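J.: My questions all concern the structure below.
The values are calculated or read from the model by the stated rules, or taken from the named source; none is laboratory data. What you see is a predicted model, and the numbers here were worked out from it, not measured in a lab. Positions of Cβ are backbone-derived with ideal geometry, glycine not excepted, and every protein chain shown enters the neighbour counts.
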Amino acid sequence: MPTIATAAILHQRGGPFGIETVTLADPGPGQVLVKVHACGICFTDIGVQNYEQGTPLPHVLGHEGAGVVLATGPGVTRVAAGDRVVLSYASCGSCPRCSAAAPQYCASFMALNYSGLLPDGSVPMAGADGPVYGGFFGQSAFASHALAYERNTVKVDGDEPFSTLAPLGCGMQTGAGTVWNSLAPRAGQSLAVSGTGSVGLAALMAAVASGCGPVIAIDRNPERLALAASLGATHTILADGRDLSAAIRAIVPDGIDFLVDTTGVGPVIRAGLEALTARGQLAMLAVTPPGTEITINPNVLLGGRHLRGAVEGDADPQAFIPLMLARHRAGQFPHDRLVTTYRLAQINEAIAAMRQGSAIKPVLLMD
């Protein structure tokens with residue numbers, strides 16, 4: 001029987017979200033119906049809200065959902081009704097990259113996460129005025145209920161608040177995974193983070209937990225830098241127009257071993273590359289607006305330096321979300337300090353606070 005849900009719907013690119021009632025399709029083979037209790041807001045949601053990325057409208061976004069399983073479709077064995085779960089990105093499970101334990105680079109990633117359609121080509125929701133696209137990152141969790149897949153539904157134990165669990169599905173996974181999986185620094189190696197939003201601070205916390213040193217936070221917001229220091233940054237650099245490469249090298253004269261960039265700003269990335277030590281690595285994580293270009297001096301790469309990207313922290317959510325939760329419980333990943341909660345009806349207010357920098361990780365509560 002179809003589910004009646006309350007959802008935040010985006011009707012116009014650049015416009016606000018409206019709270020409306022939708023009818024959600026029943027779970028089909030391999031699918032899971034989840035009662036969403038909380039959903040984090042990510043800059044990927046804001047990017048789709050404001051820029052054309054092949055995502056049709058009207059659409060229910062939201063891809064950091066957490067809640068309780070209500071029902072499962074045929075073939076689902078990993079989760080059952082009543083399980084507490086965190087939702088992450090969708091992957092097919094059968095393409096060469098999924099088979100090689102790299103589901104974040106799934107050949108069907110765009111179709112499963114951005115197309116707005118279910119695998120059979122149908123639209124997953126209906127509103128008062130007709131079809132409503134969904135399945136965003138295999139969930140569309142800016143809603144009271146979400147239709148997900150067994151592969152992107154991660155069962156969790158314990159009794160942490162859903163507002164603590166929800167951000168693990170994307171933002172925390174992207175930042176922490178880039179450090180723990182993509183870069184894999186050894187204790188004592190140096191690491192800098194450009195941009196101390198939720199993804200950057202997740203990377204910073206992972207670097208601290210890995211025993212990195214020095215750990216440098218770079219931002220133009222002094223309050224964010226103070227928070228970074230309280231989370232374990234040994235040094236902070238205020239991005240106030242100074243030469244960032246020189247500022248980093250003033251701390252580590254031979255150059256930084258690793259740098260995680262969450263800004264997507266060309267001059268910042270170039271400065272970071274020039275601050276790398278020989279064979280150092282810079283990971284770019286920001287999804288930039290269409291038309292963005294970055295120029296670099298290619299000679300910088302001749303020192304064995306690496307400029308790379310990473311999707312979802314090179315993480316398989318089924319293994320990595322429980323790992324983050326375990327480290328959170330051990331006091332090594334206090335990501336709950338970044339969370340500010342809002343009601344679903346306050347979604348536009350929460351997004352405004354995130355864009356202005358007054359909220360680091362807004363999380364919507366559905367109840």
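Each row is one residue, and each column tells you yes or no for (1) touching a helix residue (DSSP H, G or I) at 6+ places or on another chain (Cβ under 7 Å); (2) not assigned by TED's automatic domain parsing to the domain that holds SER99.
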position: PRO267; (1), (2): no, yes
position: ALA278; (1), (2): yes, yes
position: GLY291; (1), (2): no, yes
position: ASP316; (1), (2): yes, yes
position: MET324; (1), (2): yes, yes
position: LEU344; (1), (2): no, no
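J.: Output the residue which, of all residues in the range 8-31 that are of a type in the set (S, T, N, Q) and assigned to a strand (DSSP E or B), is farthest from GLN139 (Cα to Cα). Explain how you work it out, then say what you get.
T.: Applying the first criterion (of a type in the set (S, T, N, Q)) to the range 8-31 yields 12, 21, 23, 31.
Filter once more, so that each one left must be assigned to a strand (DSSP E or B): 21, 23, 31.
Values: THR21: 17, THR23: 14, GLN31: 10 Å.
Filtering first and then ranking leaves THR21.
J.: Okay, moving on. Output the number of residues of the range 327-367 satisfying the condition of being of a type in the set (A, V, I, L, M, F, W, C) and either in a strand (DSSP E or B) or under 17 Å from the mean Cα position of the chain (by Cα) (or both).
T.: Initially, the range 327-367 is screened for residues of a type in the set (A, V, I, L, M, F, W, C), giving 330, 333, 338-339, 344-345, 347, 350-354, 359-360, 363-366.
Next, only the ones that are either in a strand (DSSP E or B) or under 17 Å from the mean Cα position of the chain (by Cα) (or both) stay: 333, 338-339, 350-351, 354, 359-360, 363-365.
Adding up the residues that qualify gives 11.
J.: Restricting attention to the range 74-92, which residues are outside any loop (DSSP other than H, G, I, E, B) and surrounded by fewer than 22 Cβ atoms within 10 Å (Cβ to Cβ)?
T.: Residue satisfying the conditions is ARG84 alone.
J.: Could you tell me whether ALA71 is assigned to a strand (DSSP E or B), in contact with a Leu (Cβ under 6 Å, 6 or more places away or on another chain) and touching a residue at least 60 places away in the same chain (Cβ under 8 Å)? Working first, answer last.
T.: Values: assigned to a strand (DSSP E or B): yes; in contact with a Leu (Cβ under 6 Å, 6 or more places away or on another chain): yes; touching a residue at least 60 places away in the same chain (Cβ under 8 Å): no.
Judged against the criteria, ALA71 is not a match.
J.: Now for a different question. Please name all residue pairs, on different chains or six or more residues apart, with Cβ atoms under 6 Å, provided the first residue is in the range 127-138 and is assigned by TED's automatic domain parsing to the domain that holds ASP45 and assigned to a loop (DSSP other than H, G, I, E, B) and the second residue is of a type in the set (Val, Ile, Thr) and crowded, with 16+ Cβ neighbours inside 10 Å.
T.: Close Cβ pairs (under 6 Å, with a partner that is of a type in the set (Val, Ile, Thr) and crowded, with 16+ Cβ neighbours inside 10 Å) amount to GLY134/VAL60.
J.: How many of the residues making up the range 4-34 are surrounded by 20 or more Cβ atoms within 10 Å (Cβ to Cβ) and either among the small types (Gly, Ala, Ser) or in contact with a His (Cβ under 8 Å, 6 or more places away or on another chain) (or both)? Don't jump to the end; show me each part of the working.
T.: So in the range 4-34, the residues surrounded by 20 or more Cβ atoms within 10 Å (Cβ to Cβ) come out as 5, 7-10, 17, 22, 24, 27, 31-34.
Then keep just the ones that are either among the small types (Gly, Ala, Ser) or in contact with a His (Cβ under 8 Å, 6 or more places away or on another chain) (or both); that gives 5, 7-10, 24, 33-34.
The qualifying residues number 8.
J.: May I ask you to list the residues in the range 225-262 that are at pLDDT below 95 and either of a type in the set (Lys, Arg) or part of a helix (DSSP H, G or I) (or both)?
T.: Passing the criteria: only ARG242.
J.: Take the residues in the range 93-117 that are free of Cβ contacts under 8 Å to residues at least 24 places away in the same chain and not in a helix (DSSP H, G or I); name whichever of them is farthest from LEU10 (Cα to Cα).
T.: ALA100
J.: Out of the residues in the range 119-155 that are surrounded by fewer than 17 Cβ atoms within 10 Å (Cβ to Cβ) and within 23 Å of ARG78 (Cα to Cα), state the one that is farthest from the chain's Cα centre (by Cα).
T.: ASP120
J.: Right, next: For ASN152, all conditions in the list (1) touching a residue at least 12 places away in the same chain (Cβ under 8 Å); (2) on the phi > 0 side of the Ramachandran plot; (3) not acidic (Asp, Glu) hold save one; what is the number of the exception?
T.: Among (1) touching a residue at least 12 places away in the same chain (Cβ under 8 Å); (2) on the phi > 0 side of the Ramachandran plot; (3) not acidic (Asp, Glu), the lone unmet condition for ASN152 is (2).
J.: Any chance the range 168-189 includes a residue that's among the aliphatic types (A, V, I, L, M) and touching a Cys at 6+ places or on another chain (Cβ under 9 Å)?
T.: Scanning the range 168-189, I find at least one residue that is among the aliphatic types (A, V, I, L, M) and touching a Cys at 6+ places or on another chain (Cβ under 9 Å), so the answer is yes.
J.: To continue, here is another question. In this structure, is LEU273 in a helix (DSSP H, G or I), more than 22 Å from VAL48 (Cα to Cα), hydrophobic (A, V, I, L, M, F, W, C) and in contact with a strand residue (DSSP E or B) (Cβ under 8 Å, 6 or more places away or on another chain)? Don't jump to the end; show me each part of the working.
T.: Values: in a helix (DSSP H, G or I): yes; more than 22 Å from VAL48 (Cα to Cα): yes; hydrophobic (A, V, I, L, M, F, W, C): yes; in contact with a strand residue (DSSP E or B) (Cβ under 8 Å, 6 or more places away or on another chain): yes.
Answer is yes for this residue.
J.: Also, quick follow-up: Looking at (1) in a helix (DSSP H, G or I); (2) modelled with pLDDT of 95 or more; (3) in the same structural domain as LEU227 (by TED's automatic domain parsing), which one does LEU301 not meet, given that it meets all the others?
T.: Among (1) in a helix (DSSP H, G or I); (2) modelled with pLDDT of 95 or more; (3) in the same structural domain as LEU227 (by TED's automatic domain parsing), LEU301 violates only (2).
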